[in-house]
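Only one structure is covered here, and it is reproduced in the block below.
FYI, it's all coordinate maths here, none of it is from the lab. A quick note: this is a predicted structure, and the numbers were derived from the prediction, not measured. Heads up, the Cβs are rebuilt from the backbone with ideal geometry, glycines too, and the neighbour counts pull from every protein chain shown.
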Amino acid sequence: MFSFEYNSYNYRQVITDMAAALGTTVKDGKLIFPESVASGHIEFVEMPNGLQAIISDYRLNDQLYLKRQRIPREFYVLRYEDLKIEDEMTLKIDGEVLTTTNEHHAGVYLTSTLFDISYLGRKGSVIKGINIIFSKEWLAQHLHITDPDEVMATYLNLKTGSYTIEPIDNEYRRYFNEIITSDIDSPLHTATVQNRITLLIERFFSRLYEKSRTLLTPPRISKHDVHQLMHVEALLTQNVHNRPPTIDQLAQEAAMSSAKLKKLFKEVYGTSIYAYYQKQRMNVARDMLLSGDFTVKEVGLQVGYSNLSNFAAAFRKEFNILPSEIRA
């Protein structure tokens, strides 16, 4: 098992120290794991606005224990994680424990350096994630949130409850995938990654700010139900080329009634189940058209439309433009 503990808010130093513990070095901001520990890498990103980020993309070949010890100087870490868990993974925040077994888990959550936080991952688990560290002064200056103390304190009081308080949706997933898949050899790599990280931050905190008053009261949705909704969302969007599961099928997967599923899904994701699916479907179509690699007919067929007039109408309803015009 590889074990690494740190208590620094300087991510450049953290990745350098981890490389030393692994018996390797950092090259161009990237730490490539020895195969005995993991297959993949961790990348350090310096943002132009004074932020630092670490991007993780690796598969464990041994057990891995990571711990950030409490730091007296207060900083915040926004964490986006997409985990495929083999056997079991344990997350501990300030003494509270969340154990997840044999499943795919994705979520956005916030922690403070005033809390200890640790992970224990098993061999075979796949870790993809982004950690972004910042101060509350940065939050006030760059996102124009006038009272960051109240918003942050409310959120952080949830501790491990925050692990599922912000489920992943289409927009989060889009930004995240563009970061993870960005070609590091491309001259646009740094600019692309910096831009998408900024968009992730803005989305999270704008949503958090809107929810802050609601969070002053106990959540109306249990952690278990939020977890089940995330599972439903993943099933709904994993393949937009096929017909989506029925409401009854999704309700069975979520172990709740159809009425409860529809109500909670709209409360968490802000729209109905099939409207959400349709939006994802149109986003995929738009990306395919913008790539320049597909004709309008090919895109329509790929996202499940045998009638191109129906595809054009659905696309125009979503984006106020015809699919043929997006390539003009």
Considering the dipole of the chain built from charges on the beta carbon (Lys and Arg +1, Asp and Glu -1) around the Cα centre, which of Ile15, Gln69, Met230 is farthest to its positive end? Met230
If Lys and Arg each add +1 and Asp and Glu each add -1, what is the summed charge of the other residues whose beta carbon sits under 9 Å from the beta carbon of Val193? -1
Euclidean distance of C-alpha centroids, the stretch 261-300 and the stretch 84-113, integer Å: 28 Å
Given the rule -39500 (n - 2.57) for each run of at least 4 DSSP H residues, summed and divided by the residues of the chain, what is its mean residue ellipticity at 222 nm, to the nearest 500 deg cm²/dmol? -13000 deg cm²/dmol
Just to check I understand the Karplus step: with θ = phi - 60° and J = 6.51 cos²θ - 1.76 cosθ + 1.60, what whole-Hz values come out for the stretch 184-191, glycine and proline as x? 5, 8, 6, x, 9, 4, 4, 5
Cleavage-rule hits (trypsin sites (Lys or Arg not before Pro)) in the stretch 6-109: DSSP loop, at most 10 neighbouring Cβ within 10 angstrom: Arg73
Taking only Cα atoms of the stretch 223-326, the Rg to Rh ratio with Kirkwood Rh works out at 1.04
Based on the Cβ-Cβ distance of Asp28 and Lys317, what FRET efficiency does E = 1/(1 + (r/R0)^6) give at R0 = 41 Å, to the nearest 0.05? 0.40
If you add up the charges near Ala259, with Lys and Arg at +1 and Asp and Glu at -1, over every other residue whose beta carbon is less than 12 angstrom from its beta carbon, what do you get? +3
Please tell me which of these pairs span more than 29 angstrom C-alpha to C-alpha: Lys136/Lys262; Lys84/Lys279; Lys262/Lys297; Lys27/Lys67; Lys27/Lys123? Lys136/Lys262; Lys262/Lys297
Among Ile85, Asn320, Ile133 - extreme Cα towards positive end, dipole of the chain, charges at beta-carbon: Asn320
Toward the positive end of the charge dipole of the chain, about the Cα centre and with charges on Cβ (Lys, Arg +1; Asp, Glu -1), which of Gly304, Val26, Thr111 goes farthest? Gly304
Per residue and in Å³, how big is the convex hull formed by the alpha-carbon atoms of the chain? 152 Å³
Summing Lys, Arg as +1 and Asp, Glu as -1, what charge do residues with Cβ under 13 Å from the Cβ of Gln280 carry, Gln280 excluded? 0
Only Lys, Arg (+1) and Asp, Glu (-1) charged, at Cβ; the chain dipole about Cα centre in debye: 760 debye
